[in-house]
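Down below is the structure, laid out as structure tokens.
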Amino acid sequence: MPKPITDTLRLLQGGLFVEQCSELFAQVIRQVDETGKAGKLTITLDLKKVSGAIGVLAKVTDKTPEKAPDSELFYATVEGNLSRDNPNQRKLDLRVADAQPKQPVRQVDPETGEIRQPAAQGAA
């Protein structure tokens, strides 16, 4: 009974070949999962007789599906240019809010539900 081919694959290139195959296999799996497209891993073993022994040339290739680049959205202007802003939409006057509230924050007693007045600023 012949031994499993995986035993021979582990011997090729001092074990580096099977590691390379495993890394490429995992990479193809991740890309197939991410893109939903088909991928392929091909392991080729070229065998030929060399001076009474068998020479093995091992190659691994992959066809990893590539993720399509995201398209950018722009709006056409009447001048024939592209703009990130929609020319048919009003601009909002957005500002960064102050870090400190203008009014002191009130506290609520969790047991009674009583609203307490905040302590005066600078009072100790």
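Find the accessible area per residue for region 1-110; the probe is 1.4 Å, ligands and nucleic acids are left out, and the unit is Å².
Result: 91 Å² per residue.
Got a number for carbon plus sulfur as a percent of the chain's accessible area, 1.4 Å probe?
Of all accessible area on the chain, carbon and sulfur atoms account for 53 percent.
Among 54, 43, 29, which one shows the highest mean-square fluctuation when the chain is modelled as a Gaussian network with alpha-carbon springs under 10 Å?
Ranking 54, 43, 29 by mean-square fluctuation puts 54 first.
Let me test this: with uniform point scatterers at the alpha carbons of the chain, what is the Debye-based log₁₀ I(q)/I(0) at q = 0.21 1/Å?
-1.21
Of the cross-linked pairs 37/59; 37/67; 3/59, which ones have a Cα-Cα span greater than 18 Å in the structure shown?
Where the Cα-Cα span goes over 18 Å, the pairs concerned are 37/59; 3/59.
Compute from the Cα atoms of region 1-55 the Rg and the Dmax, the latter being the longest Cα-Cα distance, and quote both in angstrom.
Considering region 1-55 through its Cα atoms, Rg and Dmax are 14.9, 48 Å.
Using θ = phi - 60° and the Karplus curve 6.51 cos²θ - 1.76 cosθ + 1.60, what whole-Hz ³J(HN,Hα) does each residue of region 74-83 get, with Gly and Pro shown as x?
Computed from phi, the couplings for region 74-83 are 10, 10, 7, 9, 5, 7, x, 9, 10, 9 Hz.
In degrees, nearest 10, range 0 to 90: what is the angle between the Cα axis of helix 16-35 and the longest Cα principal axis of the chain?
That works out to roughly 40 degrees.
With a cut-off of 8 Å between alpha carbons and a minimum separation of six or more residues, what is the relative contact order of the chain in percent?
Rounded, it is 14 percent for the chain.
The values are calculated or read from the model by the stated rules, or taken from the named source; none is laboratory data. In this text, all values refer to a predicted model and were calculated from it rather than measured experimentally. Ligands, DNA and RNA are excluded from the accessible area calculation, which covers all protein heavy atoms including side chains. Shrake-Rupley method; radii C 1.70, N 1.55, O 1.52, S 1.80 Å.
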